[in-house]
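Working notes, structure below.
The values are calculated or read from the model by the stated rules, or taken from the named source; none is laboratory data. Computed from a predicted structure; not experimentally measured. Quick reminder, even Gly has a Cβ in these numbers, built from the backbone with ideal geometry, and neighbours come from all protein chains shown. Just the protein is used for accessible areas: all its heavy atoms, side chains included, with ligands, DNA and RNA removed. Shrake-Rupley method; radii C 1.70, N 1.55, O 1.52, S 1.80 Å.
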Amino acid sequence: MKNIAALALISTIALVSCNKKETAKITKIDPKTGKTITVEVPADSVAKVEANPAIKDSAGIYTQTFKLEKGKTYPLTTYQRDTKTMTDPKGKTLNGTSESTDEMSFTVNDIKGNVYDMTLNLIAKRNSQSADGKTIVVDTKLPIPKEDDLKMIWNINKALTGNKLNMKMDTKGNVISITGFDAVYTKVSNAVGTLIKDANQKASVVASLKETFNEKVLKDQLNKNLTIIPKKGVKVGEKWSSSENADAQGKIKVTSNYVLKSVGNGIAEIAVTGGIPKKEEKQNQGEVTHSLSSELAQNGTIKFDQNTGWINNQNISVKTTQIETISNGKESQSMKSVSNSSVMVNPSSK
C-alpha cells in the first residue's frame, strides 16, 4: 500500500513537472535603471512572433521592413482632439474643443518582387467643434447638416470619401507612387457645383483642395506614419531624432526624439518626446513693447506589429502654450492660450 502511495506521489510530481509553464524572453528597458534587460514571461502571455518577422534584430540591431499579405486589408485611422483654453487680460477664460477623424485602409492587391500594389481606401471623415455648450458636427457617415455654412464642408468631405487611390510601396516602407487623384478632384468639383454656381469660385475651391490633397502631401504623411525606425537600424534603448518645419518660412522646427523602448510580445514600442523649446520675440514701437512667447511639448508612444511592420497604435499628447503681452513700461496686459492635443493613429479608444 505504501509503495502504491509512493508511486502515486512520484506520478503527481512528474505531472506537475511536465505541466510547468514554458517561458519566453522579452528585451526591454528597465524603468528603474534605464538599462536594457532581458526578462522571462509566461509563453502564453506572448503573442506569436514569426520565425522571420518584419521587425527583427541582427546582432541586437533592429530594422523595420514590411511583410504584408496579398488580399489582406490594413487600417490607418488618424484621430486628433484639441482642447484650447484662452485667458484674457482680465482673467476671463474661454474653452473650446475640436476633433477630427480620417479613416483610411490599405488593401494589398498584388506583390511583385519587393513592391506592394495596394488600394488606398478613403473611408470616412468626421469633424466636430464645441464651445459655449454648443457642438457642431460634420460627419460623412451622417446626413448633410441643416446649417448652410456646414453644407459646403460636408459636400467636400463626402466627395473625398468613398474613393480609391492606387499606391505602390516597397517592403522597406518607401511610398513609390500614389495615383487616381484626378477622379477625386472631378467628384469634388461636381459636388461643389451643387452649392456654388460661379465658375471662378468653384475653381478656387478645387484649386485649394489640390494644394492640400495631392500625391506629395499624402506620400509625406504616410512616410511619417508608417516608418519610424531608421533604415540603419537601432538597438533597444537607442535614441534618434528628426525635425520638421513648424512654419512656412522654416524658422521654427519641431524636434521629435525617439527611443526604441522594447521589442517583444509581437510589438515594437517606441517612446516619443521633444517639441519646440520656449521662444520669445519682442518688438518695440515707441514706448510700447509687444512680446510673444511660445513653446510646444510632446510625449507618447508608437507601437508597430512585429510580424507585419504595420503601425498598430500611436498615442501622443501635445501641449502648446502661447503668451502675448503688450506693455508701455508702466502697465502690461497679457493674453494666454493653452492647447492640449491628443494625436492618435488606429486608436483602440478615444
*Over region 69-138, average the accessible area per residue using a 1.4 Å probe and give it in Å², no decimals.*
57 Å²
*Please find, in a Gaussian network model of the chain (springs between Cα atoms separated by less than 10 Å), the residue of Ile178, Ile326, Ile144 whose mean-square fluctuation is greatest.*
Ile326
*Under a 10 Å cutoff between Cα atoms, tell me which one of Lys92, Lys303, Lys168 has the largest fluctuation in the Gaussian network model of the chain.*
Lys92
_Could you check the spin-label model distance between Lys232 and Ile144? Points 7 Å from the Cα along Cα→Cβ, value in nm._
5.5 nm
*asked:* Relative contact order of region 73-149, please, whole-number percent, based on alpha carbon pairs below 8 angstrom and at least 6 residues apart.
replied: 25 percent
*What are the lysines whose alpha-carbon lies under 17 Å from the alpha-carbon of Lys112, with same-chain residues fewer than 8 places away excluded?*
Lys67, Lys70, Lys72, Lys168, Lys172
_Under 12 Å between alpha carbons: how many lysine pairs meet that in region 222-291, if sequence neighbours fewer than 8 apart on the same chain are excluded?_
5
*asked:* Looking at the chain as a GNM with Cα springs under 10 Å, which of Lys90, Lys56, Lys239 has the largest mean-square fluctuation?
replied: Lys90
_Fully extended contour minus Cα-Cα distance, from Lys151 to Lys70, at 0.36 nm per residue_ = 25.3 nm
*Around Ala246, which amide H atoms from residues at least 5 apart in sequence, or from another chain, sit under 5 Å from its own amide H, with H modelled in the peptide plane?*
Ile252, Lys253, Val254
*Averaged per residue, what accessible surface does region 160-245 expose to a 1.4 Å probe, in Å²?*
55 Å²
_Between Ser177 and Ala203, how high is the FRET efficiency from 1/(1 + (r/R0)^6) when r is the Cβ-Cβ distance and R₀ = 30 Å? Nearest 0.05._
0.65
*According to a simple spin-label model (label point 7 Å from Cα along Cα-to-Cβ), what is the distance in nm between Lys224 and Ser189?*
2.9 nm
*Report the equivalent ellipsoid semi-axes for region 263-350 in whole Å, largest first, defined as the square roots of five times the eigenvalues of the gyration tensor built from alpha carbon atoms.*
43, 11, 7
*Cα-Cα separations in the chain greater than 28 Å, expressed as whole percent*: 59 percent
_DSSP-assigned coil residues among GluC sites (Glu not before Pro) in region 35-143, each with at most 12 further Cβ atoms within 10 Å_ = Glu50, Glu69
_Percent accessible area from carbon and sulfur atoms, the chain, protein chains only, probe 1.4 Å_ = 52 percent
_Relative contact order %, region 58-117, counting alpha carbon pairs below 8 Å whose residues are six or more apart_ = 37 percent
*Roughly what would the spin-label model give for Ala271 and Glu295, points 7 Å off Cα along C-beta, in nm?*
2.0 nm
*asked:* Please compute the contact order of region 311-350 in relative form: average sequence separation of alpha-carbon pairs under 8 Å and at least six residues apart, divided by the residue count, as a percent.
replied: 53 percent
